[in-house]
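The values are calculated or read from the model by the stated rules, or taken from the named source; none is laboratory data. Quick caveat: nothing in here was measured; it's all calculated off a predicted structure. Note that each Cβ is placed from the backbone with ideal geometry, even for glycine, and that neighbours are counted across all protein chains shown. Accessible surface is based on the protein model in full, side chains and every heavy atom, while ligands, DNA and RNA are left aside. Shrake-Rupley method; radii C 1.70, N 1.55, O 1.52, S 1.80 Å.
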Amino acid sequence: MRVDLHIHSALSPCASDDMTPHNIVNMAKICGLEMISVCDHNTLGQQRVMAEVARKLDMGYVYGVEVQSIEEVHLCIYFQDYSRAMVFDAWLKEHLPLIRNDVRYFGNQWLFDEADEVVAGEDVLLLQSVNQSMENIIRKAHQCQGIVSLAHVCDKANSIMTQLGFIPRHLEFDLIEVKNQVQKEMVQQLHPWLKEVLWIRNSDAHYLQDIDHFEEDIDIRMWKALWRDANDG
Ligand SMILES: [Zn+2]
Ligand SMILES: [Zn+2]
């Protein structure tokens, strides 16, 4: 199955204003994708509408969010159950410092309805760290039956390899996001214990033209096993 599970909507201040629900889903269809996830920074505010538009246009959808930990590491977290995703969203809100977004500096944080109309702007700056450690974020995500990905694991900004220099063995993440095979081999070489982990390639698109056009499929057997574990746990 071809997926792109890390796309930003215009609710993320750093994403283009034309990242509307319909534009995202239609571009994903052009790219031949079967399932997507929009992971905005530190909020699941756009998720209900995203899932609704995806359903209407016959695109698979998994609820998502990209959380920035106090260590400034980005984690993408996925949910299958909307009410549990909203419990996690409420927890995030409690732990996001109340700093106002400066639109001129960071960009718009727009919320859309099912018709791609702007219904509101989020006032609190979303592009900052929540005041919680990676461990706490992962624990809370698992309590809400979410699964956790180490986002863009080797990027120069906000990746675990840049912020910490390594992946701690005790960290209970579920999958790892890489940009390419070279990154995967590099991380594997440094962490030989990382055997049975799901590696995933996502676009982290902030612009429509960046949405995934990779040819490879996700390992669907491992993807399903992660959810079985999440629902058991
Ligand atoms: Zn990121
Ligand atoms: Zn991102």
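Observations on the model:
- Dimensionless Rg over Rh [region 49-113; C-alpha; Kirkwood]: 1.01
- For His8, net neighbour charge (Lys/Arg +1, Asp/Glu -1) across residues whose Cβ lies under 9 Å away: -3
- Taking every protein chain into account, the 1.4 Å probe leaves His170 with about 120 Å² of accessible area, to the nearest ten.
- Using only side-chain charges placed at the Cβ, +1 for Lys and Arg and -1 for Asp and Glu, the dipole size of region 73-204 relative to its Cα centre rounds to 640 debye.
- Percent carbon-and-sulfur accessible area, region 82-233, ignoring ligands, DNA and RNA, probe 1.4 Å: 50
- Helical runs (DSSP H, four residues minimum) scored at -39500 (n - 2.57) apiece and divided by the length of the chain put the mean residue ellipticity at 222 nm at -9000 deg cm²/dmol.
- Long-range amide H partners of Val65 with built H, under 5 Å: Ile77
- Dipole moment magnitude, nearest 20 debye, the chain about Cα centre, only Lys, Arg, Asp, Glu C-beta charged: 500
- Dipole of region 3-232, positive direction: furthest Cα of Asn131, Val67, Leu98, with charges on the beta-carbon: Asn131
- Loop-located GluC sites (Glu not before Pro) across region 134-198 with a Cβ neighbour count of 10 or fewer within 10 Å are Glu196, with loop assigned by DSSP.
- Projecting the alpha carbon convex hull of the chain along each direction and taking the average yields 11.7 nm².
- Here's the list of lysines a cross-link from Lys179 could span, going by alpha-carbon distance under 28 Å and ignoring same-chain residues fewer than 8 apart: Lys29, Lys140, Lys156, Lys195, Lys224.
- Integer Hz, Karplus 6.51/-1.76/1.60 couplings in order for region 149-162, x for Gly and Pro: 10, 6, 6, 5, 4, 10, 4, 5, 10, 6, 10, 5, 5, 7
- Across region 8-68, Cα-Cα distances exceeding 17 Å account for 30% of all pairs.
- Sequence-distant aspartates and glutamates (8 or more away, or on other chains) whose Cα lies within less than 14 Å of Lys93: Asp40, Glu66, Glu122, Asp123
- Residue-normalised accessible area of the chain, expressed per residue, 1.4 Å probe, Å²: 46
- Of the DSSP H helices in the chain, those whose Cα atoms cover at least 15 Å axially and whose Kyte score averages -1.0 or more: 82-95, 220-232
- Across region 62-180, the volume of the C-alpha convex hull divided among the residues equals 132 Å³ per residue.
- Applying the criteria of a DSSP loop state and at most 11 other Cβ atoms within 10 Å to the GluC sites (Glu not before Pro) of region 80-133 yields Glu117.
- Ligands, DNA and RNA aside, Lys29 has an accessible area near 90 Å² when probed at 1.4 Å.
- Sequence-distant aspartates and glutamates (8 or more away, or on other chains) whose Cα lies within less than 16 Å of Lys56: Glu34, Asp113, Glu114, Asp116
- Long-range HN-HN contacts of Phe112 with modeled amide H, under 5 Å: Val119
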